[in-house]
Structure formats: structure tokens, C-alpha cells
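Each value in this text was obtained by applying a stated rule to the coordinates, not by laboratory testing. Quantities reported herein were computed from a predicted structural model and do not represent experimental measurements. Counting neighbours? That spans all protein chains shown, and the Cβs are built from the backbone with ideal geometry, glycine included.
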Protein chains: 4
Amino acid sequence: MNGIKVAVLGATGMIGQRFIQLLEGHPLFEIEGLFASERSDGKRVSEVLKVKDYQFDRETLSTEICQIDIEDISERCRVAFSGLPAGIAKDIEQSLAEQGVAVFSNASSHRMREDVPVLIPEVNPDHLDMVVAQSTYPGGGYIVTNANCSATGIALPLKALDDAFELEMVCVSTYQAVSGAGYPGVSSLDILGNILPHIKSEEEKMEAEIIKMLGTLENGRVRSANFDMLANCARVPVADGHLESLTMTFKGEPEIKEVSSTLSEFRSDPQRLRLPTAPLQPIIVREEIDRPQPLLDAHAGEPERARGMAVTVGRLRKKDRYYKAFALSHNTLRGGAGGSVLNAELAVEKGHLR
Amino acid sequence: MNGIKVAVLGATGMIGQRFIQLLEGHPLFEIEGLFASERSDGKRVSEVLKVKDYQFDRETLSTEICQIDIEDISERCRVAFSGLPAGIAKDIEQSLAEQGVAVFSNASSHRMREDVPVLIPEVNPDHLDMVVAQSTYPGGGYIVTNANCSATGIALPLKALDDAFELEMVCVSTYQAVSGAGYPGVSSLDILGNILPHIKSEEEKMEAEIIKMLGTLENGRVRSANFDMLANCARVPVADGHLESLTMTFKGEPEIKEVSSTLSEFRSDPQRLRLPTAPLQPIIVREEIDRPQPLLDAHAGEPERARGMAVTVGRLRKKDRYYKAFALSHNTLRGGAGGSVLNAELAVEKGHLR
Amino acid sequence: MNGIKVAVLGATGMIGQRFIQLLEGHPLFEIEGLFASERSDGKRVSEVLKVKDYQFDRETLSTEICQIDIEDISERCRVAFSGLPAGIAKDIEQSLAEQGVAVFSNASSHRMREDVPVLIPEVNPDHLDMVVAQSTYPGGGYIVTNANCSATGIALPLKALDDAFELEMVCVSTYQAVSGAGYPGVSSLDILGNILPHIKSEEEKMEAEIIKMLGTLENGRVRSANFDMLANCARVPVADGHLESLTMTFKGEPEIKEVSSTLSEFRSDPQRLRLPTAPLQPIIVREEIDRPQPLLDAHAGEPERARGMAVTVGRLRKKDRYYKAFALSHNTLRGGAGGSVLNAELAVEKGHLR
Amino acid sequence: MNGIKVAVLGATGMIGQRFIQLLEGHPLFEIEGLFASERSDGKRVSEVLKVKDYQFDRETLSTEICQIDIEDISERCRVAFSGLPAGIAKDIEQSLAEQGVAVFSNASSHRMREDVPVLIPEVNPDHLDMVVAQSTYPGGGYIVTNANCSATGIALPLKALDDAFELEMVCVSTYQAVSGAGYPGVSSLDILGNILPHIKSEEEKMEAEIIKMLGTLENGRVRSANFDMLANCARVPVADGHLESLTMTFKGEPEIKEVSSTLSEFRSDPQRLRLPTAPLQPIIVREEIDRPQPLLDAHAGEPERARGMAVTVGRLRKKDRYYKAFALSHNTLRGGAGGSVLNAELAVEKGHLR
């Protein structure tokens, strides 16, 4: 192995372990160290296992997790994948960037900064150029964030539809999985047989991030997109996979079959560049009457390395001038660790990780 | 006891047994017989128990369920409460009405007929007058339907808001409990840890029934309301209580506190007439950040007899000219049997059950 | 009101709030103050609500929770009901007892002390006399513990059967509800669609406590019962109600109908003394093929005040010389706060709370 | 492909589709046709999908399911894998055997027949010889059954332990997944947040089948094993994976580490013969404090083709002369379709499928 050396931050948590999963056998990156900020210093992955549907390599399971040490990481690693909780992510990520590390973060701390891109390679690959402007960081350090998990799931279809038909209004209601809250996250007493109609700051994040990502880059800064974006967010008793209902209007009034083909034929930079974690078809449109479903569609995506990276859209309907659909994506893969890994792959390809 | 004699149809099912629950000790009605269309002839209620959160009287539990016999029912009963499945409800309810029985039905079969009201006493009490026009039925027979369970839950707040601020557009997404599908209804293999983004005909029913109920009566026929009504429906792993997200625009642009007080101060005929099953406050507005929730709010409503008859609204928000909220109602009480019992109470009060 | 003044310790938690529920309108006790050990000082009950299936009085909901102050409590209260976590319960309960407060505790800290009874009034009411021997505490202070929630659920039927047929061996496997782990307790990521075959120290507690409670008092000390007691404990995705399977052998070999009548006819001191929270029939035997079930039977018990205080036994079977059954009890009522309230009622009746 | 031609019966159901999953790319067998007894004639697999955690080949998904035709099947297929419901399995399987088809059945209909083996290749491979005695069937027809899903899960560890230490008594309590009841199977209204302490005939099957499988073959008939076998069965809200608690006594009194090594070192004919679907290590012993769990361990087993075919045992404990453990197995793979496929592989190897 001779890949780019990477650190995984937050390796005891759900997102951190999804990073590890995706980096096992990765063609470009090589895990140099696993880190966490807490009392887990010295614990092995097997002792703090969070991901339940993936079999880690034996070697991974016996790897020790170390305490975060900025000096140590910046000396050994070119890249840091951060699954840190927002509370502590801000300073650590900033320090790493200042020490020359390229940080690909799942945390929300830096997302709305003017000089930091909220990047989804299929949606706004050009926004990656904003890292050039993060010139205060010497030695190639910078911060790239992925979007909030529930924003990611709809950003791909909204991008495809906005390009084709110009969005006027988007109403989204979410059915979000508990893994989105991390571990231990949601108490079983609150969610067994129940729905929680509130996720702290989630609606604000969705609305702001979608508008930012679908905006245009002008002089190194993002000019927000110009449509009405309304979100209602709720937590449901599902392990993985955020389902979201969409009601939309466009400037144009396309046929449903045009909407459908626009979505399923959507391709972007990751597909053209054949990035390792990019799904061949980023948006899968299902014709069945009752899809997408979390249990059936959360892991959509081909090839094998891109499982969980495709967004599934179904139940396309038109009523008067309104368009309705359901979208589903894996919140800790496409909407979490997978998004950041794809961002880093794009950075390699675009020459930002020399 | 000396109440109006009533039959309960579909007494082996979930809605039928909610009827029985609400009729135990009712001040106006007296159960004359329990009926079902199937092979349950002769079975006792205790052997086919569906309702799990209510303790029936011993006498009720040992009551036998008989096969439906139109002649027998029409001779013994002035009223029939129907919890029959839509497939068989149509003909049986029609036959009973023709034999002079006032049928209060939870089935959808007759809802969109021009001469049949979809009645929620707080929303469109005047629509009850449509039964006078069902003149083909002699001897006081007629059919009154309640609304679909998911339409009911939002009809009350939408009525209050439409009266005050004139609705332009309503986007609703539902989080519907499994009891709405009857028994056995949804397979556990489909819903455990999953969401089903499709309920047969539900969106069409919601959109059509809301527009009909909020319409105005002109010459004995309903003129539909005139706003955009869009629904996305999904089933969630919750036992009882339909949660629904709302995004709305109005002709006016009220303050959130006006919206809130309009909802919580809403009163209508059932409250003025002190109908036995009417909640004192039909719409409860919660200020907490994470309400309404099915586990906490499905049984809202006072007094005791009206538990599960109030609609709870929470998370009132305004963004630009859009208004957002979550609403919750008990789908087999307010949205099912309770709705029909309230309809029958209104009919007594308005002189249609002499 | 003129009841005995009581403090509720741990009022922010699940057990503490079950205490509050049971003490609303109690004929003997009057809540003097709500206490918790943490940062909840000054919070109102409504802000830290844990119990979801009970409507607290408005006055209760607006009551402030204070920080625990031994002096203050011992001056104002004759009794303390403790729902404190085991970690901090030990010292606080000891200090209160030393200051003359009668502590009725749900914590395990003092259960296996030689001079402290593990008390279930139907099972070992004479063990209450052990408090006389806690003579180091002046002013009427002492500690009485209730049993572990899973031990309580089977202690009643085992007591009835041991008295009648002499137990030789008991194999129990538990299906324990998540509320037994307190709040937030079990992470939804661990229990949604899953079973956890381990609950810390639970099997040891069950085995030791059953043997102690069914033992005999000799010179103020308990001589343990003499049968084989084996427990396997697991957590299941159920909110309330511990289900437990039993396989037993006796010295005798009774008919199943004798076993059944022994259980359903079992009465003890709480019934004879008509204690307010005592169920009229402490063990309910169900003949249906699929009972007891948590959803249907957790709240068994009459009268109203004793709901959740009866144990339900079903599926009595005999194979060769083995007897099999399932038992169910409400883990935070009978197996938690309700057990301690019943203990205190017995203490009043026996003159230990003058 | 040039494998033995096989029919899959019950291809619309859960077990039938697990058969299809295991037969995709199988080195010995080739699917010749998919059959079901019902109105699914002509439906494609994609339209009646039941298995949710496996991605079928596109070709499989578009395969049509035909109505069962004994003549047609017996002409085209040497083997039939039956996932038929017990009600109709009996006659169809018998007819196929009479027509010369080797039937490997998951149904219980023929299990307790004197001339039919209940076969688990690791447990009683010699019982396969019983098919020779099924001489009434010409042309190589016979019936081999696999064991009940909950019996299978413990048969492997019990066999290993009985051989080493001689079982005296086994108490088992089950935590059974809903997929064991087929589709639609258990109503969500009955199992969401609930436990059902009864599965029709399950305890009787477990007790009888374990005793039969661990018995010895004498003159072509099974002489039952001679230990006490007691079962309590319950259904839990889990999709896949039966967890079972065990309490056992032996003639000997081994150390826990002997018990552990006896289990983990257990190998049998399938391993020696390297059958394609045999797990390299049939019994995996976990040392962690909280394993096995359905979500983590249901799919245990290597290599890839044997995923879900290993039994996981954990929490080995000794108290006095009693031994306690939890065992887990995948109920529709090891305890269902996988068991029958392994049986057929053994039949090939032993020359019963020429």
C-alpha cells in the first residue's frame, strides 16, 4: 500500500467508523491512525463497535484508538477525515488546517463560513476551488465540509431538477433515522413506537445548506440559489436511511416522464472522473408503487465500493403545477462519511492533495 | 338505560371496537347489538380483542358478535355505527339506510357522493343538512360519513386558519400509525425499522376530502374550497396517532402568535352544544420544542369521554411568507370511531334522530 | 390534606416520576418536596417529563425540583422515596436514615445488607421487622428496599408456589423492558430490532434477592431459601413490562389446575390490610393461549390506584415433572416505585411510621 | 452451468426466496424453475419480493413464478427445495417424492415420520441413510426435512456438548424473529413494542425434534436421546435471528473453558467434506459481555456462501452445577433454506443424488 496517509478523527463514533469502513482497501487513501478526543485512548475498535451491518477486517478490529494530538497528526497525515461532534470539531479542525492538513469534515461547525465549501461532488464540484482562497493556512491545509445528512439526500435530485426546470419552491418533510444522532444519540424510551417532530437546528441547516450548495460561485464566494426552501424535520424509529417527502414547483411545467429521465440520467464530475466511491448512477428512480424504503434502498449504489452512495427517488407524481416525490439516502454513508471520502477523492483528482 | 338503540358493524375490527369503547356508558346511545360480516358469528369480544389500551367492561367482553342481518338490524336499531371495511361497507350501509337506519360510517365508500356529507362537527356542521336531501330513503334512513383519519387530523386546524387568514396552499406530509390499516393490516416484516412511503388512495382521499369539507353548502350541494392541497403519505412504526407536517401560505400574513391563538381559541358547534364526546378545547397548541408526539399526545382531550378527540398542534414556525407546524390526532378515535359518534351526537341535537 | 410528609428523591428520572404519579392524591402520604442530585435544580416536572402514559396534575407539572439537602429533607419529611441511581443512592440514603428519615428505596445499594430487608409485602411482610434492628439510626430512621424489578415479577408467584408445593428448581429467562434501564438508558441504536442478552449484574441480583426474600427470618436475620435459582436476562424493545419465562420443579407434583388456583387465590397481608396501593388479586392467571403480553397486561390490577401492581401469569404447562409458565409485571410500578409505596403503606399499618 | 436441476417451491414466500438467494451461483445446483401454489402464477420475483437484505441478480428478479405442477417438476428437476407452508406441503412433497424427486423441505409436515430424517449435517449426518428405507418411492425420490428454525439454532451446540459431557437437562427460552412466521405473518399491531409469549406448536416441535436429532440410528429408525428437554417460546420485534437462552446440566461437571473450547472446536461432516454452504467454524463462541445479538451475529459464518450458517454462542456461565449460555442463529438461513441446501449438498456427497 502506498496511499495518501489519512487520520480518522472520532473513530469511536458512528461516523468515524463509517470512515474506517470506507477506507478499508481504498485505492487512494491509507489509514495512518485512528483518533478520538475522549477516554477511549488505547481502546480497540472491537471494544467500541458502533456500525452493525458491516464486517470489519480483523486487523481493523484490533487497531488501537489514540487521543487526538495535532502535532502528531499533522506530521504523519496529509488528510484528516473528521467525524467529531460539532462541539469539539471546530477548534481541532481549524488547528489541523493551520498545520497543513486537508480536513474533510462531517461536522457542521465550519459549513456556513464564507470561505469554506459545503461540497457534494455531483452538485457543486466547482465550489472546491474555494479552498484555494483559504490562504491563511500554509502547507496545503484547508477545510472542506460535507452537507448535513438530510440536505445531502435531496441535494442531488434538486440539483438535477433545478438545472433542467428551475426550482421555484421546495417543501421537504423528513423521516430521519436514529443513526443520524450519533451514539448513544436518541434514547429508546423516546423513539420506540414514537416520532419526534424536532431535530435541533436541522431545518435551519437544511434550508441554508441547500441554498448555498445550489448557488453559484462568484469571485470565490457563493451566491445563494434563489428559490423557496422549506423544511419540516422529524426523527423516526429506523436505524439507517433518511426518507424525505418533496413537494416542488418549477418555472417550467415538465411531464413526469421528463422529470424521471432527468433524474435517472443525471451524471456529474464524480461519474466522469470515475472516482472510486462514486456511484455509477447517482440517482436511481424506482417505478414501484411503494419505494423508496429505508430497509430496501438505503444501500443502493454500484459498484460495491459505492453501496449506500446512490440516492433513490420514487413515487413521482404531478398534481396541477406541483410535483411530488419521495427521496431516500443513507445518512451515514452518502450523507456522512461517504460524502467526505468522495470530496477527498475529488480533491485528489483536481490536484488539491499534492 | 334508555338510550337510542344502536348497532355496531365491524365489531371484530379495530374501528368497531373503538366504537364499543366509546359507547360504553354513553349518555345518548345504547348498544343493541354487535355485528360483523364474517366467520366471527358467535364469537365473544374477548376472543377477537384488537384494542390494547382500554379495559372493556366484563359484560362487553362476553358479548357475542352476530352476523349482519339487514332486517334484524333495521328493526331493532335506529342507528348503525359502521366500522366495516370499504369493500363490503357500500352495499350494507346503503341497504340499512334504505330500511330507515341512520348510518354513521367510518368507511370511504360513500364519502364523495354528492348527497352525502363528509362531516366533522367542528368543521362543517351545516353539511349535516345534506341528509335531508337523501330523500330516497324512507323512515329517517341516511348515511353520514366521517373523514379519512389523516384528513381529520388537519381539518380542524385548517378550518380555523382558513376562516381567519384564508388558505392559499397546504403541503402536508403524514407519519401514519399502523392502526390506520386495520387488523392484521401492515405486516411486521414491512414496518419494523422501516417506513412505507405509500398508502393506497390516501393522498387522493386527503386532498379531495379536505377541499370538500372546507367548502360551502350551496343548495344542498358542496362547493369545494379553493386552495392548493398537496399530500404525501407514509406509514411509520407507531401504534396509534397520526402525525402530520404542514407548510402553508395564506392570503394574509399573520404573526405566529395570532396563528397560535386562532388555533387554541377555536370553538365550534360541538363545544357550544356540549356534545358528550366533544373536547372542551378541540385544538391544543403546545409550546414545547418537541411536541406533538404520538406517545404523549394521541390521547389529548378533556373531559374523560373526549380523550383522543382533541387535535394537538405544535412547532408553529414562520419562514418568509410560509407557515410551518406539526399536527397530531388519534387516528381511530378522533379520526375514526370518535368522529362518527360525534356526528351522531350532532344529529341528535339537530333533530335528525327523532 | 394531612398526610405523612414525604420527599421524592430522583424526581427527574423514570422511577422518581412513577413515585410522583402514585403519590398524587394518596390517602396516607403527602409530597413535601421533589429532589434530584443534579443540575436540574429549579427545573419544573414538565421540563423533564419521563413518564409518557400518565397525565400528571397541572400543579405537579409546575412543581420545581430542588437539589438534595439532607438537613432540609430530614427536617421536613418523615419519609423519603428514593428513585436515585445506585451510584449516589448509597450515601444519601444512609445519611437520611441516620437523620431519622424512613427511606423506602428502589436502589440496589443496600439490598444485600444483613440488616436491611428486601421487601415485597405480599411475599415477606415479616421481614419489615428487620428495621427495628437498624438501631444505630435514631429518631425512627431506617432503610427498606424493594426488590429488583425482574425479581419482583416472579417473587409473588414463586412465593405462592413454594408455600404450596416446595420449589426445587427455578429457571427464569427475562424479556425486560427498556424503562428498566432508566432514562436515557438504552440507546435506540442498540435495541431497535434487536435483543441485548446482558443486563449488568441483573442475573446475580435476581438469584440472590429471590433466595433472600423467600427465606425465613431467624433472630432478625434472613436464612436463605433452599432451591436452585437460575436466571438468564435480556433486554427487549418494549417500553414497559417485564415478561419472564419460568421452568420449575417442585418436591410435590401438583396438577396444573392446582397450580393455577394456588396462584389466583393467593392473598397476603396487603390484601388483608387493604393497603391503598395493594391489588385486590395480586396474581392474575390468564387462560388465553397467548397471554401475558406487555401491551395488554402491564397495567393489570384493581382498583384504580393499584393499576400496574398485579402480576399476570399465563401459559401454565406441565411436561413430565417440570412446570412451565410466563409471568409479567410492570417494572416501574410493581417492580419499582409501586413496590416502595406499598412497603411504606405496610410500615404505616405496622406502626413503623409513627 | 451444468448443475443438478432443482425446483424451488414456495418462491413467493420468505423461505422460498432465501432458497433462491442461496442457489444463485451455486456450484452444484441450478434453478430450473420457481413455483408457488397460489395466485402468483406468472408474477416475477421482483413483484413479490420478501427478502430485504440481499440484492438478487437482475435475471432472478425478472424470473416468472409458475404454478406447481407435479408432472412438470418431476420431469425437469432431480431436486425440489420446499418452502411451502405446512398446510399444503404434505401432499405436494409426498407426490413429488413418489415421482422420483428428492425433496428437501423446510416444512414440518413430514418431520416426525418414522422413515423421514430431521437432518442437520453437523448434528446427525448418518440419519440421511434413512432415505434408503423410503423404498416405496421409485426413481430416487425421497423426503428429507430440516429442523424447526428454533430447534436448529441450539441443536449444534447441544450436539457438541452432549458428545463431550452428556446432557441431563436443557431449559431453553426463545426470542424468535418475526421472519420465522413467514409473510405477512405477524401483524405489526401485535408485535410493535410487544412480546408474544406463544408460537403455535413451537415448543412441542423443539422438544421432539431435538430429542430425535440427537438420538441414535438403530436399524434405520431413530432411538430418541435421553435427556430432559424443556422449551418456552416467544416472538420478539426483531426481523431476523432467533436468540435462545440455555440453562443446562450435564452428567459431568466441566470447566467453563472446556465448554467453550468444545463448542468452538466442534467440526463435523460438512466441514470435513467442505460442503459449499458449510461454515468453516459451525459454532462461534463470543467472549464479549453482551453477545450474541441478532443485529450483530445473525449473519455469522465464513466463507461468503456460508454467511448466516454459523451459530453464535456467548455469555457462557456456570452456577453450581448449572451451565448457562445464549445462542443465536439466522432463522431463515441456518434455520431455514440454508439448512435444506446443506442437506442436499450432503446428499450429493453421499451419493444419494445420482
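The mean count of C-beta atoms from other chains within 10 Å of the C-beta of residues in D:310-321, rounded to a whole number, is 2. Near residue C:229, the amide H atoms lying under 5 Å from its own belong to C:170; only residues 5 or more places off or on other chains count, and H is placed 1.01 Å from N. For the peptide D:293-304, the mean number of other protein chain Cβ atoms found within 10 angstrom of a residue's Cβ is 3. For residue C:252, inter-copy separations between label points set 7 Å beyond Cα along the Cβ vector come to 4.0, 7.8, 8.6 nm, shortest first.
Ellipticity at 222 nm from helices only: DSSP H runs of n ≥ 4 in chain D, each -39500 (n - 2.57), divided by the residue count, give -7500 deg cm²/dmol.
Please say if the range D:149-330 is rounded, prolate or oblate, where rounded means a/c under 1.5 for a ≥ b ≥ c the square roots of the C-alpha gyration tensor eigenvalues, and otherwise the choice is prolate for a/b larger than b/c and oblate otherwise? Rounded, since a/c falls under 1.5. Ignoring lysines fewer than eight residues from residue B:212 along the same chain, the ones with Cα atoms less than 19 angstrom from its Cα are A:319, B:159. A straight Cα-to-Cα reach below 18 Å connects residue D:318 with the lysines C:200, C:205, D:251, D:257, residues fewer than 8 places away in its own chain not being considered. Each copy carries a label point for residue A:90 at 7 Å from Cα along the beta-carbon vector; from one copy to the others these points are 4.0, 6.3, 7.2 nm apart, nearest first. For the range B:345-352, the Karplus equation 6.51 cos²θ - 1.76 cosθ + 1.60, evaluated at θ = phi - 60°, returns couplings of 5, 5, 5, 4, 5, 8, x, 8 Hz by residue, with Gly and Pro reported as x.
Remark on residue C:198: its backbone amide H falls under 5 Å from those of C:235, a criterion applied only to residues 5 or more positions apart or on other chains, H modelled at 1.01 Å from N.
With a 10 Å radius around each residue's Cβ, average the other Cβ atoms per peptide and rank A:88-100, D:50-62, highest first. Each step should come with its number before you reach the end.
Values: A:88-100: 19.5, D:50-62: 15.1.
Ranked by mean Cβ neighbours within 10 Å, highest first: A:88-100, D:50-62.
Evaluating 6.51 cos²θ - 1.76 cosθ + 1.60 at θ = phi - 60° for every residue in the range B:319-324, the Karplus couplings come out as 9, 6, 9, 9, 10, 10 Hz, glycine and proline recorded as x.
Here is the short version for chain A: A:66, A:77, A:149, A:233 have no other Cys C-beta closer than 4.7 Å. Note on A:243-251: average number of Cβ atoms from other chains within 10 Å of each residue's Cβ is 4.
Under 5 Å from the amide H of residue B:11 lie the amide H atoms of B:35, B:36, each residue being 5 or more positions distant or on a separate chain, with H modelled from the backbone and absent for Pro and chain starts. Averaging Cα coordinates gives a centre for the range D:289-349 and one for the range A:23-57; these two points are 26 Å apart.
Each copy carries a label point for residue D:133 at 7 Å from Cα along the beta-carbon vector; from one copy to the others these points are 6.4, 8.0, 8.5 nm apart, nearest first. Listed by Cβ neighbour count within 10 Å, with the fewest neighbours leading, D:171, A:66 appear as A:66, D:171.
Taking a point 7 angstrom from the Cα of residue C:61 along the C-beta vector, which residues in the range B:242-282 have backbone N less than 18 Å away? Within reach of a label on residue C:61, which here means backbone N under 18 Å from a point 7 Å along Cα→Cβ, the range B:242-282 contributes B:260-261, B:263-266, B:279-282. Annotation: aspartates and glutamates with alpha-carbon distance below 17 angstrom to residue D:50 (same-chain offsets under eight excluded): A:288, A:290, A:297, B:190, D:24, D:38, D:41, D:59, D:64, D:240. Separation of the range D:137-208 and the range B:109-184, taken as the distance between their Cα centroids, equals 49 angstrom.
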